[in-house]
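Asker: Next up is a structure, given as structure tokens.
Since every read-out is calculated from the coordinates, none of them should be taken as a lab result. As the structure is a computational prediction, the values presented were derived from the model and not from experiment. Every residue, glycine as well, gets a Cβ built from its backbone with ideal geometry; the counts of neighbours run over all protein chains shown.
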């Protein structure tokens, strides 16, 4: 038992571990960082938005167990500087939560080359950039490490008007598998998490509340939207020793949506 970052006594499965987390300022990764802190880890929180990152750090209230770093996953020099800072402070990096990403709704015929490239650069190339730089650190330290990439159920099944996003997340799924094979000899486990519809600030920017209600009622068997805490639990599990024989896997957190079309059919029972 140990004191959590909130001062309460709790079990800490990641006590003393060092986490490097991207996209940490809000939404999913903000909750993921909070969970890792609760579980005893030290965290370098990396994000592009300085103001949001400062606000997130205040909400975590973790003192010197969090090091915030403003940077862009498209800039390898900024990533390397953050990795060097984490190692200088804590000696190693045990876990990478590779979460930073963006989404945008566009019909395929209306996607501009510039918008296509922006989505790919952040969601796929950004994941590669961070993973490679952190993996090089993990490969030279005793014990290796754990990498968890953020995929999406959209990387497993398509969704209209998200060709750029779907393609980027499908790439993350295959990148994860290949990384797992290449890095196994370095004792680095690599998995991905594929959330379904999660209620986040990014979702609020894209969809109105009435659409969210329709979506959960018709498409999600568990009849609710996911929460950032649902996803944080998956990241906590994959970082823990309970997942030490898992690598190359994509863990789907979607309330049963990709299991099939049963929820839609239940809305139209046969008569008689």
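Asker: Run through the DSSP bridge list for segment 2-266 and note the antiparallel percent, rounded to the nearest 5.
Answerer: Here the share of antiparallel DSSP bridges comes out near 5 percent.
Asker: Rounded to the nearest 500 deg cm²/dmol, what is the calculated helix-only ellipticity per residue at 222 nm for the chain, with -39500 (n - 2.57) per DSSP H run of length n ≥ 4?
Answerer: -13000 deg cm²/dmol
Asker: Here is a further query. Under Stokes-Einstein, with the Kirkwood radius over Cα pairs standing in for Rh, what whole-number D in µm²/s applies to segment 155-250 at 37 °C and 0.692 mPa s?
Answerer: 216 µm²/s
Asker: Taking the 0 to 90 degree range and rounding to the nearest ten, how far is the long axis of helix 126-139 tilted relative to the main principal axis of the chain, both from C-alpha atoms?
Answerer: Taking the Cα atoms of the chain, the angle to 126-139 is about 40 degrees.
Asker: If I stretch the segment between residue 173 and residue 217 completely, what's the gain in nm (0.36 nm per residue apart, minus their alpha carbon distance), one decimal?
Answerer: Computed gain between residue 173 and residue 217 is 13.1 nm.
Asker: Give me 128, 46, 214 sorted ascending by neighbouring Cβ count inside 10 Å, so fewest comes first.
Answerer: 214, 128, 46
Asker: Here is a further query. Under 10 Å, Cα contacts only: if you run a Gaussian network model on the chain, which one of 123, 191, 52 comes out with the highest mean-square fluctuation?
Answerer: Highest fluctuation among the options: 52.
Asker: Could you tell me how far the Cα centroid of segment 170-194 sits from the Cα centroid of segment 231-247, in Å?
Answerer: 14 Å
Asker: Let's test the formula: R0 of 30 Å, r as the Cβ-Cβ distance of residue 186 and residue 50. What FRET efficiency results, to the nearest 0.05?
Answerer: Plugging the Cβ-Cβ distance into 1/(1 + (r/R0)^6) gives 0.35.
Asker: Please list, in order, the residues from segment 157-174 whose amide nitrogen is less than 14 Å from a point placed 7 Å along the Cα→Cβ vector of residue 109.
Answerer: So the set is 161.
Asker: Please order 250, 227, 22 by the number of other Cβ within 10 Å, starting at the fewest.
Answerer: So the ranking, lowest neighbour count to highest, is 227, 250, 22.
Asker: For segment 5-91, what log10 I(q)/I(0) values come out of the Debye formula at q = 0.16, 0.17 1/Å, with one point per alpha carbon and no solvent?
Answerer: Each listed q corresponds, in turn, to -0.56, -0.63.
Asker: Can you give me the relative contact order of segment 52-167 as a percent, contacts being Cα pairs under 8 Å and 6 or more apart?
Answerer: Averaging sequence separation for qualifying contacts and normalising by length gives 33 percent for segment 52-167.
Asker: Here is a further query. As I understand it, the value is the acute angle between the Cα axis of helix 163-183 and the longest principal axis of the Cα atoms of the chain; what does it come to in degrees, rounded to 10?
Answerer: 40 degrees
Asker: Another question, then. For the chain, just list the percent of Cα-Cα distances falling in each 10 Å bin from zero outward, please.
Answerer: In order of increasing distance, the bins hold 7, 30, 36, 20, 6, 1, 0, 0 percent.
Asker: In addition: Nearest 10 degrees, 0 to 90: what angle lies between the long axis of helix 209-219 and the longest principal axis of the chain (Cα atoms)?
Answerer: Around 80 degrees separate the two axes.
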